[in-house]
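Each remark here refers to the structure printed beneath this line.
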Amino acid sequence: MANEDFGRNRPLGFSTRAIHLGYDPSTAQGALTPPIYLTSTYAFESAEDGAALFRGEKQGYIYGRTKNPTQTLLEQRLASLEGGEAGLVVSSGIGAITATCWTLLSAGDEVVFDQTLYGSTYAFLTKGLQRFGVKAVPADMTNLAMVEEALTPNTKIVFFESPANPNLRVIDIAKVAEIAHGRKALVMVDNTFCSPALQNPLAFGADLVVHSATKFLGGHGDLLGGAVIGRAELINQIRGVGLRWLTGATISPINAFLILRGLKTLEIRMQRHSQSARAVAELLASHPAVATISYPGLADFPYKEIAARQMRDTGGLIALELKGGHDAGLKLMNRLKLITRAVSLGDAETLIQHPASMTHAAYPPEERTKHGISEGLVRMSVGLENVDDILDDLTQALDGVR
Ligand code: 4LM
């Protein structure tokens, strides 16, 4: 059923796969919703059977740290939605990034990363991996010459977010992939800001896509999760080495179930996030208190063309600076009544936060400035409330900071 194409010789649509793929209710007493397998371990048919599973001669479930049937279904759906061969889900976005890097890197290797990354990812690369002899090299990947320059024969991974957290710089995935592949490096793209409903980095040449499933994939602010999608050969290694031995950052079957539930509405949620964010961006662009605004849907967005090529819609994240700088930004945040002061993104609630003191506090201040994360920058994740209410709250707050 899940792979039925009704004889039309075309793949099922995005939402249809997000809702049905890989599950047949007749295999679970007719239950419409796939069951949650709450089990830590699995019974072997015989001692020989268990040994064959451990040797990899037989496929099946052994122990919950690496695999669970609820997790498997989620991995199949995410792989399909990202257009990848295989997927792995783990306990958080950072869990996905660390399991992947620990698996593919050794002392002496180098990672070239875009200068603008989520704060904890930046900290992992520059403060974590460096302690174990892996060199993390920043580059401004909006400048392809700088990517070329940063690569050496030791570069194993080229890593970036697009759009980047928090200021939405857009990186040309196909161009960076071409350069990296010419030098035999793997390309790893964090697709959290878009979700697979808006962008599929593998289609542009990336080797691995990572997600914080905590965000749009889960979509409801009630869980942490992470995912990595790519060729089966790489995903098997990341599961068998990174997750199994190096991080142990396994996702709970309940969280895997909740992400499966979130996926069912992902496409329509992303449409609504994008539509409302466009209205918010227009309001901000026309307000006298606002100095700069970064949003892929605006006519003067500097990366508009690349964004339009890579992204199917404009997304729910907006970065802005007020004319009054840092103090005005904080005043704006404190005047809001409906829009919630909180980090994270991709939830039903509209969220606002101050990257320099919150999500990107791990950057040394001079690095932050160099990387375009100004002290006055404020980031909004536009939620699913009725847009007029979001606009009214923002207007009353902005009018008060003038
Ligand atoms: C935030 N972000 O920005 P876990 N990749 C990207 C992210 O934005 C995040 C992670 C990975 C925020 C969290 C507080 C692009 C997180 C890390 O939090 O480990 O699931 O994902 O507000």
(request) Could you tell me whether the stretch 355-363 includes any residue that is modelled with pLDDT of 95 or more, within 16 Å of the ligand (Cβ to nearest atom), closer than 20 Å to Gly219 by Cα and of a type in the set (S, T, N, Q)? (result) yes
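For (1) free of Cβ contacts under 8 Å to residues at least 40 places away in the same chain; (2) crowded, with 16+ Cβ neighbours inside 10 Å; (3) of a type in the set (Ser, Thr, Tyr), each residue gets a yes or a no:
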{"site": "Phe14", "(1), (2), (3)": "no, yes, no"}
{"site": "Gly22", "(1), (2), (3)": "no, yes, no"}
{"site": "Ser26", "(1), (2), (3)": "yes, no, yes"}
{"site": "Ala51", "(1), (2), (3)": "yes, no, no"}
{"site": "Arg55", "(1), (2), (3)": "yes, no, no"}
{"site": "Thr66", "(1), (2), (3)": "no, yes, yes"}
(request) For the stretch 184-201, name all the residues that are within 13 Å of the ligand (Cβ to nearest atom) and out of contact with any helix residue (DSSP H, G or I) (no Cβ under 9 Å at 6 or more places or on another chain). (result) Phe193
(message) Every residue in the stretch 222-258 that is within 11 Å of the ligand (Cβ to nearest atom) and either more than 17 Å from Gly64 (Cα to Cα) or among the acidic types (Asp, Glu) (or both), please.
(response) Leu223, Leu224
(message) So, in the stretch 371-389, exactly how many residues are in contact with a helix residue (DSSP H, G or I) (Cβ under 6 Å, 6 or more places away or on another chain), under 26 Å from Tyr118 (Cβ atoms) and of a type in the set (A, V, I, L, M, F, W, C)?
(response) 3
(request) Mind counting the residues in the stretch 91-115 that are within 15 Å of the ligand (Cβ to nearest atom) and of a type outside the set (A, V, I, L, M, F, W, C)? (result) 8
(request) Determine, yes or no, whether Phe204 is among the aromatic types (Phe, Trp, Tyr) and within 16 Å of the ligand (Cβ to nearest atom). (result) no
(message) For the condition in the same structural domain as Leu202 (by TED's automatic domain parsing), away from the ligand (no atom under 16 Å from the Cβ) and either modelled with pLDDT of 95 or more or of a type in the set (Phe, Trp, Tyr) (or both), what is the one hit in Tyr118, Tyr122, Tyr61?
(response) Tyr61
(request) Identify all residues within the stretch 327-359 that are on the phi < 0 side of the Ramachandran plot and small (Gly, Ala, Ser); write none if there are none. (result) Ala328, Gly329, Ala342, Ala348, Ala356, Ser357
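The values are calculated or read from the model by the stated rules, or taken from the named source; none is laboratory data. Every value quoted in this text rests on a predicted model; they were computed, and no experiment measured them. Heads up, the Cβs are rebuilt from the backbone with ideal geometry, glycines too, and the neighbour counts pull from every protein chain shown.
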